[in-house]
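What follows is a single structure, written as structure tokens, with notes after it.
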Amino acid sequence: MMIIDCFLNSQLGQENVPLHWTMVVIDCFISYALPIILAYVINLLIVKYISKERLRGKIHLVFLRGIMIAVIWGVAFFTIAGNVLTDAWKTFAGSSALIAAIFGLAAQSTLSNVFAGIAISAAKSRPFDIGDRIKIDSIDPGYVENITLRHTVIKTYQNEIIYIPNSTVGSATIINYTQEESFSFPIVISVAYGTDMQKAMDIMADVIVENPVHHGGRPTVLCKSCDDSGVTLRALVETEDFKDNPKACSDCLVEIMKRFAKEGIEIPYNKLVLINSDEKK
């Protein structure tokens, strides 16, 4: 800007005032508006062509996208700040040790989340990826929607969005339900004493195998416990996709109850008997 002013004063003279202000406006646009416009346009292009849907299953690239966006806006900010505070900015920037100390203290929490996010996404054996269903400590399980520089976003079955700081995620115990090729969940049902156990076990195994979303071989049905009113049987319902498992377990239990009723196998339940005092006499 100073170079343009000097050139105008020496070459154009006072009679070219309109041209002078035109050059000033152009210089201001280049110095202050252009960095913001460029950062905004680049940000739009990154979000459009490197969307979360395209990066699903590549959590390290999702986190890298967040870093790229932050760096672009940071460069724009420092470019404008350098143009506004030329001399003062150079003096202030020269005190690099002081700046680092102030910045480190002010952004200690933020930086811990950033470095934790880098550790989570860059690790070779990542604990989760975008789209995985996980449980972090005592927080309700949900699907990983996104990971930013500051937090990890999880969506529960109730459509609740949970934002967990990356530093918390990095030090937490994480259960991942979807990293294996299939998912299994146990179903239990009780039968009365005196029941043909082998027949009941075969019915349970047949029902599970016949379920349309069943994955894997024939399940093993085990006697879980002998209780006061009956014998509890247990079997695993295995599906390829975790999302299919809850409904598969429900369908199997309903069908098992129907088969038991058809075969005359009793499912025990508590009965309450009321005795009238007059009838007792």
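Yes/no per residue for (1) modelled with pLDDT of 90 or more; (2) assigned to a helix (DSSP H, G or I); (3) surrounded by fewer than 13 Cβ atoms within 10 Å (Cβ to Cβ); (4) β-branched (Val, Ile, Thr):
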| site | (1), (2), (3), (4) |
| --- | --- |
| Ala205 | yes, yes, no, no |
| Arg218 | yes, no, yes, no |
| Ala248 | yes, yes, no, no |
| Leu253 | yes, yes, no, no |
| Phe260 | yes, yes, no, no |
| Pro268 | no, no, no, no |
| Asp278 | no, yes, yes, no |
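Among the residues of the range 147-167, are any outside any helix (DSSP H, G or I) and of a type in the set (Gly, Ala, Ser)?
The initial filter retains those residues of the range 147-167 that are outside any helix (DSSP H, G or I), namely 147-165.
From what's left, of a type in the set (Gly, Ala, Ser): none.
Checking the range 147-167: not a single residue is outside any helix (DSSP H, G or I) and of a type in the set (Gly, Ala, Ser).
Residue count for the range 207-216 under the criterion of being in a helix (DSSP H, G or I) and loosely packed, with under 14 Cβ neighbours inside 10 Å: the result is 2. Filtering the range 132-165 to residues that are farther than 16 Å from Ile175 by Cβ and open to solvent by less than 30 Å² (accessible area, probe 1.4 Å) leaves Asn146, Ile147, Val153. Check whether at least one residue in the range 38-61 is over 30 Å from Glu180 (Cα atoms), at pLDDT below 70, of a type outside the set (Gly, Ala, Ser) and surrounded by 14 or more Cβ atoms within 10 Å (Cβ to Cβ), and report yes or no. Yes, there is a match, as at least one residue in the range 38-61 is over 30 Å from Glu180 (Cα atoms), at pLDDT below 70, of a type outside the set (Gly, Ala, Ser) and surrounded by 14 or more Cβ atoms within 10 Å (Cβ to Cβ). The residues of the range 166-187 that are over 14 Å from the mean Cα position of the chain (by Cα), more than 17 Å from Ser125 (Cα to Cα) and surrounded by 13 or more Cβ atoms within 10 Å (Cβ to Cβ), listed by number, are Ser167, Ser182, Phe183, Ser184, Phe185, Ile187. Any residue in the range 231-256 that's under 25 Å from Tyr143 (Cα atoms) and among the acidic types (Asp, Glu): show its pairings with residues that are in a strand (DSSP E or B) and open to solvent by 60 Å² or more (accessible area, probe 1.4 Å) at Cβ separation under 9 Å, as long as the two are six or more apart or on different chains. Short answer, once both residue conditions are applied: Glu238/Phe185. In the range 70-90 there is no residue matching the filter, namely being open to solvent by less than 60 Å² (accessible area, probe 1.4 Å), at pLDDT 65 or above and touching a His at 6+ places or on another chain (Cβ under 9 Å).
Mind checking which residues of the range 141-159 are under 12 Å from the mean Cα position of the chain (by Cα) and either more than 13 Å from Ile118 (Cα to Cα) or of a type in the set (S, T, N, Q) (or both)?
Residues of the range 141-159 that are under 12 Å from the mean Cα position of the chain (by Cα), as a first pass: 141-148, 151-156.
Within the range 141-159, Pro141, Gly142, Tyr143, Val144, Glu145, Asn146, Thr148, Thr152, Val153, Ile154, Lys155, Thr156 qualify.
Out of curiosity, is Lys199 surrounded by fewer than 16 Cβ atoms within 10 Å (Cβ to Cβ) and among the basic types (Lys, Arg)?
Working: surrounded by fewer than 16 Cβ atoms within 10 Å (Cβ to Cβ): yes; among the basic types (Lys, Arg): yes.
Criteria met by Lys199.
Looking only at the range 152-197, which residues are closer than 30 Å to Asn270 by Cβ and of a type in the set (D, E, K, R)? Within the range 152-197, just Asp196 meets the criteria.
Test Val231 against the stated conditions and say whether it is open to solvent by less than 100 Å² (accessible area, probe 1.4 Å), touching a strand residue (DSSP E or B) at 6+ places or on another chain (Cβ under 7 Å) and under 20 Å from Ser190 (Cβ atoms). Against the criterion (open to solvent by less than 100 Å² (accessible area, probe 1.4 Å), touching a strand residue (DSSP E or B) at 6+ places or on another chain (Cβ under 7 Å) and under 20 Å from Ser190 (Cβ atoms)), Val231 qualifies.
The values are calculated or read from the model by the stated rules, or taken from the named source; none is laboratory data. Being a predicted model, the structure only gives us computed values, none of them experimental. When we count neighbours, we look across all protein chains shown, and the Cβ atoms used for this are built from the backbone with ideal geometry, even at glycine. Heads up: the accessible areas ignore ligands, DNA and RNA and are worked out on the full protein's heavy atoms, side chains in. Shrake-Rupley method; radii C 1.70, N 1.55, O 1.52, S 1.80 Å.
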